[in-house]
Amino acid sequence: MKSSFRVKAATWVAVLALTSTGFGCSDDPAPTAPVEEPMDVPRVTETFTGTFGQGESSNNVFTVSQTGGVELRITKLEPVRTLTVGMGIGNWDESLETPCQVFASDGRVVVNAVLVSLGVTAGEYCVQVRDVGNVFPGATVSYTVQVLHP
């Protein structure tokens, strides 16, 4: 008797689990198509180097000539290659107190990770590399970052 009760209970649990997961799927937004760049947009790769210390950031400025996607990649960190840092892309306005106005960033970037920003327009931008709490007092981190843009 106990064994048939367990089978029935297990069956009901499985039925409830399947029906409840089916209801949750209807709230998902429709997927959107990725933004595609025209085939004739020339791409430029720029390489920047810099340094920063504990609680600091470093900015490098680049100019985008036409609308398209931008990719940022840290290719080198020293003295600790496995350090996790922050990286972002922003609008550059030298007249502001904080000239790099970051609009997309990630605080868990490691060497060769890519940060992508789709659909930027022509103008001046900055790539910012920063400490996210992993740099020891008095230490200096050197980095190399590559920027691929139209």
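The values are calculated or read from the model by the stated rules, or taken from the named source; none is laboratory data. Source: prediction; values computed, not measured. Positions of Cβ are backbone-derived with ideal geometry, glycine not excepted, and every protein chain shown enters the neighbour counts.
Numbers at a glance
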{"read-out": "Answer from 83, 72, 118, 77 - the residue that is at pLDDT 95 or above and within 17 Å of residue 150 (Cα to Cα)", "value": "72"}
{"read-out": "Counted residues, region 85-102 - those being farther than 16 Å from residue 47 by Cβ and either buried (at least 16 other Cβ atoms within 10 Å of the Cβ) or in contact with a Ser or Thr (Cβ under 8 Å, 6 or more places away or on another chain) (or both)", "value": "7"}
{"read-out": "Qualifying residue in region 77-87 (condition: touching a residue at least 60 places away in the same chain (Cβ under 8 Å) and closer than 14 Å to residue 132 by Cβ)", "value": "yes"}
{"read-out": "Candidates 116, 132, filtered to the one that is under 25 Å from residue 41 (Cα atoms) and either more than 11 Å from the chain's Cα centre (by Cα) or of a type outside the set (Gly, Ala, Ser) (or both)", "value": "116"}
